[in-house]
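Below is one structure, written out as structure tokens, with a few remarks after it.
The values are calculated or read from the model by the stated rules, or taken from the named source; none is laboratory data. Everything numeric in this text was worked out from a predicted model, so none of it was measured. Cβ coordinates were reconstructed from backbone atoms using ideal geometry, including for glycine residues, and neighbour counts include every protein chain displayed. Each accessible area value is taken on the protein alone, full model and side chains, heavy atoms only, with ligands, DNA and RNA left out. Shrake-Rupley method; radii C 1.70, N 1.55, O 1.52, S 1.80 Å.
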Number of protein chains: 2
Amino acid sequence: MERMALDAIAEHLRSLDIDVLHEDLEQYGRDETMDLFAPAGIVVRPRSTPEVVEVMRLAQQERIPVTPRGGGTGKAGGAIPVQGGIVLSLEKMNRIKEIDASNRYAVVEPGVILWDLHAACEEQKLWYPVDMSSGGSCLIGGNLACDAGGERAVKYGTTRAQVTGIEAVLMGGRVIRSGGKLAKNSAGYALHHLLVGSEGTLGVITEATIKLVPLPTHRRTLLAAFSSMDTAAQAALEVERCGATLSAVEFIERAAAALAEEMLKVQLPHSDAAALLLIEIEGFSEARTQDEIEQVGTLLLDAGADDVELAPREKVWGVRHAVAEATKMLPAYSACDTVVPRRSMPKLVSRAHGIARRRGIEVVCFGHAGDGNIHIDFIKRKEVDANWDQQIGPAVRELLKATIELQGSITAEHGVGILRREDMPLQFDEDTLNAMKEIKRAWDPDNLMNPGKVFPEGTP
Amino acid sequence: MERMALDAIAEHLRSLDIDVLHEDLEQYGRDETMDLFAPAGIVVRPRSTPEVVEVMRLAQQERIPVTPRGGGTGKAGGAIPVQGGIVLSLEKMNRIKEIDASNRYAVVEPGVILWDLHAACEEQKLWYPVDMSSGGSCLIGGNLACDAGGERAVKYGTTRAQVTGIEAVLMGGRVIRSGGKLAKNSAGYALHHLLVGSEGTLGVITEATIKLVPLPTHRRTLLAAFSSMDTAAQAALEVERCGATLSAVEFIERAAAALAEEMLKVQLPHSDAAALLLIEIEGFSEARTQDEIEQVGTLLLDAGADDVELAPREKVWGVRHAVAEATKMLPAYSACDTVVPRRSMPKLVSRAHGIARRRGIEVVCFGHAGDGNIHIDFIKRKEVDANWDQQIGPAVRELLKATIELQGSITAEHGVGILRREDMPLQFDEDTLNAMKEIKRAWDPDNLMNPGKVFPEGTP
């Protein structure tokens, strides 16, 4: 039945000159979430909002699920078409519609690659400060869907903090528009804030208006080495006291950095340290930036750093960005995107290591110390064995429970997707989950928008 | 019928030791929106979330409207019980539950007065940066309901940007909890962001977790005088180019300042200027702050200021904060809380004066130039006459239309309430308004939460 409906939809869309993919569908059944896969029924790649409207109108009419897709770099399975149907890939809606330098806003389609936006802004001495390891291939639409954070959030906030307006298409084909190039706006419900982080379960974002900031003229990276992981984690908090505008405060357990070094065939200093901190300072004046570097350097030494040095930016960021990729290349891994109140971060890192030790597996921690968002990857360096198979599920569950005990969240920036849907009741009570589901049902009564995500099995 | 139900509810609530007000109900029928009034049926002042739950349970059971109320300082009539029923005043839920200095968050009840929170934070060298003229009497709950902005939003964002967690009670008595002391969080829908700015139409906020920042150690205010309003408005944009962390960029038309001066019996310099800019610079070092002051001062002179001086902070902010109060004391006024993309602000100011001139009425403009949020008050200095009565409605409507033409919003920080509900279709198309109403109906099918607000008459 669904196959017939899909074929008819494909034919109809093609007759309207909408791009329906014939072959190479398999890649649209995966993202970067371990080895999850589900086949797409058809893949549609609209070029404009009216084309998205047409897809959503037909999907509702024929009761076909729609899974929106960005760059396929998700780590929670949010873009995997678990119920088949239509994969709606936004890759061809990739226009930067406007960079309004005088008001400092950009208007973009969801298919823009993050680093393409960076480049376009930099040409005009402006900056879109959200940045992350997958910047070369992730799409703005996916960033919006998951409220992507990354390393600059410590200063600028996550994707949500940049978005002031959204156009989206709801299931059935209605187009909604919320916000604009506005620093303040209290007219009506903030639908754009509801859509950010909703992981494609409420609608398809077809345009976003985002704030830009002046491009800093000076940028320096400090690398600090610590002989204790706990001291490093604490020091990451101490440096905030200077009042300087730190734009990144990254924590890398030395074992995590080593994985990336090996993959990239580079070597950072301090191979005998337990952990590294990577701190970025930016500004608009040589003197002031230098002043802050010295202040932060002193604070780091006071907080117990064995060594602090000005680091070659590309090299250290290269290593930092490659860690997640490097753990993926191991025989097995399971990535947890945890976040806790900043001060509890050292506790969580220590609990992660305790869990791993007790269960006879290995763990590496790295991430955004400045905002309490630590990526905790359980890894298996050699072939998977019975102990790994037995321990990995309970280890992850135990870690997520520890995260919640510390008043944290089961996902900071990757989203819930499929991966964490069954863990949602750890974080939310029934009334709160139901309130979310009621919103989902209000806009998508037949549960066709990215079904099988965010909410536990069997709902909404 | 409703009276009987109300009496029974009052009796039941009193039997549970919940505070139901016997007398002085009249003040609960007003806020600070011109001369709007509607009588409350009963006024309940809960002291805790379980007491709010009880009220909301009974209200749903008996189908009685509930109008949540903060400090009664609203300027759009959002707290006026237009359908009678229960006024739920949050004034007694006024505890600052926690100031978590190490994580830099506060957990507050909705009844906390804004400047009480400021004082409590400052004791710990921390700062809650949202500030506004009504800070001595407005409540955090009202700030959340309207997404209040104020003068520091240019650097720190509006109330929304500070909120990372909310507890709220929905109609019928369900309690939902979203977020926490977290810099990043992408688990589930951001219900706290949906509630911020929903003006009490979706539920009652009973607790909020808000970010704090380090209290700046240095703060200076510059006063710049301009002989042309347009030059002043343009200069407000030029100063941003320095990259300095300006924490306020305020525009005051000289005639607006004069009204406040007269009320306060003080005198700012430059009584012959056309407009003033008030610019605040803050920092953590004497040298750096001084450096920025000089840079901004030079930019202002380059941008056409006739004079720039370091100003006595309390005096100039006193005048700035008193402007809205001063226009309210005139025989008649009508306040518009407009916002446009920053660069269009001079255009809107000029159009406001054009509208007033053509219609033979007077207008004064003042507000937050740094984020394009200008308060445009049509005023009548002498007794109201037939021309005022005839022109004021169309003048406001014409101004709001101009705001929308310039890609702005009909309200920046006051909210829609009753005052702007019929103007909502100027800004939102039918599909978008319907999408908002569907959310409202999902949580409040009988339209009992603050009915008669936000949406045009007859809906949702």
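Could you pull out the residue among A:Thr221, A:Thr298 that is of a type outside the set (Gly, Ala, Ser) and surrounded by 19 or more Cβ atoms within 10 Å (Cβ to Cβ)? So that I can check it myself, show each step before the final result.
Working: A:Thr298 fails: surrounded by 19 or more Cβ atoms within 10 Å (Cβ to Cβ).
Within the list A:Thr221, A:Thr298, the selection yields A:Thr221.
Of all residues in the stretch B:220-246, those that are within 13 Å of chain A (Cβ to nearest Cβ), in contact with a helix residue (DSSP H, G or I) (Cβ under 8 Å, 6 or more places away or on another chain) and not in a helix (DSSP H, G or I) total 3. Of A:Leu36, A:Leu25, all but one fail to be in the same structural domain as A:Leu13 (by TED's automatic domain parsing), touching a Pro at 6+ places or on another chain (Cβ under 8 Å), modelled with pLDDT under 95 and surrounded by fewer than 24 Cβ atoms within 10 Å (Cβ to Cβ); the exception is A:Leu25.
Within the stretch B:178-195, restricting attention to residues that are aliphatic (A, V, I, L, M) and within 7 Å of chain A (Cβ to nearest Cβ), which residue is nearest to the chain's Cα centre (by Cα)? Lay out the reasoning, then the answer.
Going through the stretch B:178-195, the residues aliphatic (A, V, I, L, M) turn out to be B:182-183, B:187, B:190-191, B:194-195.
Now narrow it down to the ones that are within 7 Å of chain A (Cβ to nearest Cβ): B:182-183, B:187, B:190-191, B:194.
On the way: B:Leu182: 25, B:Ala183: 24, B:Ala187: 29, B:Ala190: 22, B:Leu191: 21, B:Leu194: 17 Å.
Within the stretch B:178-195, the match that is nearest to the chain's Cα centre (by Cα) is B:Leu194.
Cβ separations smaller than 6 Å between residues 6+ apart or across chains give no pair from the stretch B:424-435 residues that are more than 8 Å from chain A (Cβ to nearest Cβ) to residues that are modelled with pLDDT under 95.
Being at pLDDT below 95 and in contact with a strand residue (DSSP E or B) (Cβ under 9 Å, 6 or more places away or on another chain) is the filter here, so list the residues in the stretch B:85-110 that pass it. Within the stretch B:85-110, B:Ala101, B:Arg104 meet the criteria.
Within the stretch A:279-316, the set of residues being more than 29 Å from the chain's Cα centre (by Cα) and not in a helix (DSSP H, G or I) comprises A:Ser285, A:Ala303, A:Gly304, A:Ala305, A:Asp306, A:Asp307, A:Val308, A:Glu309.
Check whether at least one residue in the stretch A:146-166 is closer than 28 Å to A:Leu58 by Cβ and in contact with a strand residue (DSSP E or B) (Cβ under 7 Å, 6 or more places away or on another chain), and report yes or no. The answer is yes, given that some residue of the stretch A:146-166 is closer than 28 Å to A:Leu58 by Cβ and in contact with a strand residue (DSSP E or B) (Cβ under 7 Å, 6 or more places away or on another chain). Checking the stretch B:191-200 against the condition returns no match, with no residue being open to solvent by less than 10 Å² (accessible area, probe 1.4 Å) and part of a strand (DSSP E or B). Only one entry in A:Thr158, A:Thr164 is open to solvent by 10 Å² or more (accessible area, probe 1.4 Å), farther than 26 Å from B:Met424 by Cβ and within 13 Å of another protein chain (Cβ to nearest Cβ), namely A:Thr158. Any residue that is over 24 Å from the mean Cα position of the chain (by Cα) and in a strand (DSSP E or B) - is there at least one of those in the stretch B:265-278? Checking the stretch B:265-278: not a single residue is over 24 Å from the mean Cα position of the chain (by Cα) and in a strand (DSSP E or B).
Pairs meeting the criteria (first residue in the stretch B:43-57 and closer than 14 Å to B:His12 by Cα, second residue of a type in the set (A, V, I, L, M, F, W, C) and in a helix (DSSP H, G or I), beta carbons under 7 Å, at least 6 apart or on different chains) are B:Val44/B:Leu13; B:Val44/B:Val55; B:Pro46/B:Val52; B:Pro46/B:Val55; B:Glu54/B:Leu13; B:Val55/B:Leu13.
Among the numbered conditions (1) more than 10 Å from chain A (Cβ to nearest Cβ); (2) within 21 Å of the chain's Cα centre (by Cα), tell me where B:Gly415 comes up short. It is condition (1) that B:Gly415 fails.
Given the criteria under 18 Å from A:Gly77 (Cβ atoms), among the basic types (Lys, Arg) and within 18 Å of the chain's Cα centre (by Cα), does A:Arg420 qualify? When the stated conditions are applied, A:Arg420 passes them.
The lone criterion from (1) closer than 21 Å to A:Gln61 by Cα; (2) charged (D, E, K, R); (3) surrounded by 19 or more Cβ atoms within 10 Å (Cβ to Cβ) left unmet by A:Glu2 is number (3). Scanning the stretch A:332-354 for residues that are in contact with a strand residue (DSSP E or B) (Cβ under 9 Å, 6 or more places away or on another chain), more than 25 Å from A:Gly136 (Cα to Cα) and either part of a helix (DSSP H, G or I) or more than 14 Å from chain B (Cβ to nearest Cβ) (or both) yields A:Arg343, A:Met345, A:Leu348, A:Val349, A:Ala352, A:His353. The residues of the stretch B:303-320 that are under 22 Å from B:Glu282 (Cα atoms) and surrounded by fewer than 19 Cβ atoms within 10 Å (Cβ to Cβ), listed by number, are B:Asp307, B:Glu309, B:Leu310, B:Pro312, B:Arg313, B:Glu314, B:Lys315, B:Gly318.
Residues being of a type in the set (D, E, K, R) and either within 14 Å of another protein chain (Cβ to nearest Cβ) or more than 23 Å from the chain's Cα centre (by Cα) (or both): count how many of those fall in the stretch B:62-102. It would help to see each step written out before you state the result.
At the first step, the residues of the stretch B:62-102 found to be of a type in the set (D, E, K, R) are B:62-63, B:69, B:75, B:91-92, B:95, B:97-98, B:100.
Keeping just the survivors that are either within 14 Å of another protein chain (Cβ to nearest Cβ) or more than 23 Å from the chain's Cα centre (by Cα) (or both) gives B:62-63, B:75, B:97-98, B:100.
Matching residues across the stretch B:62-102 total 6.
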